[in-house]
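The values are calculated or read from the model by the stated rules, or taken from the named source; none is laboratory data. All values derive from a computational prediction rather than experimental measurement. Backbone-built Cβ (ideal geometry, glycine too); neighbour counts: all protein chains shown.
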Amino acid sequence: MPRPRRTFTREFEVQAVKLATEQGYSYAEAARQLGVRENRIRTRKKSLDAEWGGADSGGGTRPTLDAERHRLRVENKRLPLDHDILKKAAAFFARECT
């Protein structure tokens, strides 16, 4: 008699994909730990990429890694300006104190 088909919640599948992509596990390792087939995680990742607006879908909201990468790039552009301002302020106050 065949086993009944298992169903998974969306939260479980999202966490499974995050385990394989963000936490450095391979798809096989993540599947073994969760007791699912490797193909299940790969397929769900493809559908989530399309849903989140991955490279193939052409738009949508950014997944957490892309959003973090974008935020860091913006911050890296701003840091030299902050550094210059602080350097000039330190020089200004050093002149006043002497």
| said: When the residues of segment 51-72 are narrowed to those that are more than 15 Å from the chain's Cα centre (by Cα) and closer than 24 Å to Ala30 by Cβ, which ends up modelled with the highest pLDDT? | reply: Asp56
| message | So the check is Cβ under 8 Å with 6+ separation or different chains; which pairs have a first residue in segment 14-26 that's surrounded by fewer than 18 Cβ atoms within 10 Å (Cβ to Cβ) and a second one that's of a type in the set (Ser, Thr, Tyr)? | response | Glu22/Thr64
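So in segment 27-52, with the set limited to residues that are in a helix (DSSP H, G or I) and among the aliphatic types (A, V, I, L, M), which one is surrounded by the most Cβ atoms within 10 Å (Cβ to Cβ)? Please lay out each step first, then the result.
At the first step, the residues of segment 27-52 found to be in a helix (DSSP H, G or I) are 27-34, 38-52.
Remaining after also requiring among the aliphatic types (A, V, I, L, M): 28, 30-31, 34, 41, 48, 50.
Details: Ala28: 12, Ala30: 21, Ala31: 20, Leu34: 18, Ile41: 23, Leu48: 17, Ala50: 14.
Of everything passing the filter in segment 27-52, Ile41 is surrounded by the most Cβ atoms within 10 Å (Cβ to Cβ).
Going through segment 31-46 one residue at a time, which ones are among the small types (Gly, Ala, Ser) and either more than 20 Å from the chain's Cα centre (by Cα) or over 20 Å from Arg5 (Cα atoms) (or both)?
As a first pass, look at segment 31-46 and keep what is among the small types (Gly, Ala, Ser): 31, 35.
Within segment 31-46, Gly35 is the sole residue that qualifies.
Could you pull out the residue among Glu96, Glu75 that is out of contact with any strand residue (DSSP E or B) (no Cβ under 9 Å at 6 or more places or on another chain), at pLDDT below 85 and among the acidic types (Asp, Glu)?
On the way: Glu75 fails: at pLDDT below 85.
The conditions single out Glu96.
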